[in-house]
Amino acid sequence: MRVEISATAEAELEQIGDYIAKDSPLRAVSFVDELFVAAQSLGDHPEAYRLIPRYERYGYRRCPYGLYLIIYSIETDHVAVAHFLHSAQDYETILFPER
């Protein structure tokens, strides 16, 4: 299944790279590449990760990668990556602000 990365997720990926680059520019490039590849691999097994508990109706799943979470949903013909977030962030507030 093809994987589409939202503009928001692309911007977050760039922010992650910028943050890591402050300490290690080379690691920033390699880590962002690894995170991107991990997101692309979701197309091979999109149901490998459970729906986010208590918010199943929204269809979001979270895939951990190191200290980060890839937040995505499975659409009819593709996997939609919505966010790349640090696991320390309150992702529930970001994803479900109306709660």
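Every number here is computed from the coordinates shown, using simple stated rules; none is lab data. Owing to the predicted nature of the structure, the values given are computational and were not obtained by experimental measurement. So basically every Cβ, Gly included, is an ideal-geometry build from the backbone, and we count neighbours across all protein chains shown.
Amide H neighbours of Glu75 under 5 Å, at least 5 residues apart or on other chains, H built in the peptide plane: list them.
Here the answer is Ala80, since their amide H atoms fall under 5 Å of that of Glu75.
Nearest 10 degrees, 0 to 90: what angle lies between the long axis of helix 25-41 and the longest principal axis of the chain (Cα atoms)?
Helix 25-41 sits at roughly 20 degrees to that axis.
Mind ordering 37-50, 76-89, 59-72 by average Cβ neighbours within 10 Å, highest first?
Result, highest mean Cβ count within 10 Å first: 59-72, 76-89, 37-50.
Kindly provide log₁₀ I(q)/I(0) values, in the same order as q = 0.13, 0.14, 0.25 Å⁻¹, from the Debye equation applied to equal alpha-carbon scatterers of segment 1-95.
-0.42, -0.48, -1.39
Just subtract the alpha-carbon distance of Val29 and Glu10 from 0.36 nm times their residue separation and send over the number in nm, one decimal.
5.4 nm
Mind checking the angle between helix 7-21 and the chain's longest principal axis? C-alpha axes, 0 to 90 degrees, to the nearest 10.
Helix 7-21 sits at roughly 30 degrees to that axis.
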